[in-house]
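The values are calculated or read from the model by the stated rules, or taken from the named source; none is laboratory data. Worth saying up front: this structure is predicted, and the values here are computed from it rather than measured. Note that each Cβ is placed from the backbone with ideal geometry, even for glycine, and that neighbours are counted across all protein chains shown.
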Amino acid sequence: MRTRRPSWEALADRLHLFALHGALYRLLGGRVVGRNILLLGTVGRRSGTERRTPLYFARAGEDYLIVASNGGDERYPGWWYNIRSNPRVKVQDGRRVRECSAHEVGRDEAEVLWPRLFAVYGGYRRYREQTRRPLTMFRLHPLGTGGAGMERAARTDGRTGAWIA
């Protein structure tokens, strides 16, 4: 009997690597963890719990571009469902936290923007080739750029890692 190998995501989840990556990012303010990586904060569509996910990003002016690749898996990542349910998100880029509105990028615009994401992470090419589902690209547009309360330096309380204004 042949056993199914766990996906890299299942293995990483069992080892708590995603949580560790996010915790290191918050603790170090994005330093050392990697360039062009942000923390995406979404609200769980069923739980109502705030979720944070480290993701590669590229810039398009003020906007952040992210991809729902899920490591090339056929399933959409959980945050994809959360954004479709509630497009208001938080983005931590280094020590800066911004509230943004997420919008799905149309197919034609995405084709123009893919080279920016390939430059950040070449693995997206392979994911596009090996995945049957389309990889959804989102544009995260900062709300109230420069407005009070919308943008702030990120600090954490050291215990829960909560974003503190």
Only one of R5, R52, R26, R31 is assigned to a helix (DSSP H, G or I), at pLDDT below 90 and among the basic types (K, R), namely R26
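Is there a residue in segment 67-80 that is in a strand (DSSP E or B) and surrounded by 15 or more Cβ atoms within 10 Å (Cβ to Cβ)?
yes
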In segment 34-48, which residues are surrounded by fewer than 18 Cβ atoms within 10 Å (Cβ to Cβ) and at pLDDT below 90? G34, R35, N36
Given the structure, is V120 touching a Leu at 6+ places or on another chain (Cβ under 7 Å), touching a residue at least 40 places away in the same chain (Cβ under 8 Å) and of a type outside the set (S, T, Y)? no
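So that you can scan it fast, the table gives a plain yes or no per residue for (1) modelled with pLDDT of 50 or more; (2) polar (S, T, N, Q); (3) under 24 Å from N70 (Cβ atoms); (4) buried (at least 17 other Cβ atoms within 10 Å of the Cβ):
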| residue | (1), (2), (3), (4) |
| --- | --- |
| E99 | yes, no, no, yes |
| A102 | yes, no, yes, yes |
| R107 | yes, no, yes, no |
| W114 | yes, no, yes, yes |
| L135 | yes, no, yes, yes |
| A148 | no, no, no, no |
| E151 | no, no, no, no |
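Within the group E62, E104, E111, E74, which residue is charged (D, E, K, R), free of Cβ contacts under 8 Å to residues at least 12 places away in the same chain and more than 14 Å from L39 (Cα to Cα)?
From the options E62, E104, E111, E74, the qualifying one is E111.
Can you tell me which residue in segment 55-66 is nearest to the chain's Cα centre (by Cα), limited to those that are assigned to a strand (DSSP E or B) and surrounded by 15 or more Cβ atoms within 10 Å (Cβ to Cβ)?
Checked segment 55-66; the qualifying residue nearest to the chain's Cα centre (by Cα) is L55.
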Taking segment 81-112, which residues are part of a helix (DSSP H, G or I) and either in contact with a strand residue (DSSP E or B) (Cβ under 9 Å, 6 or more places away or on another chain) or not β-branched (V, I, T) (or both)? Y81, N82, I83, R84, S85, R107, D108, E109, A110, E111
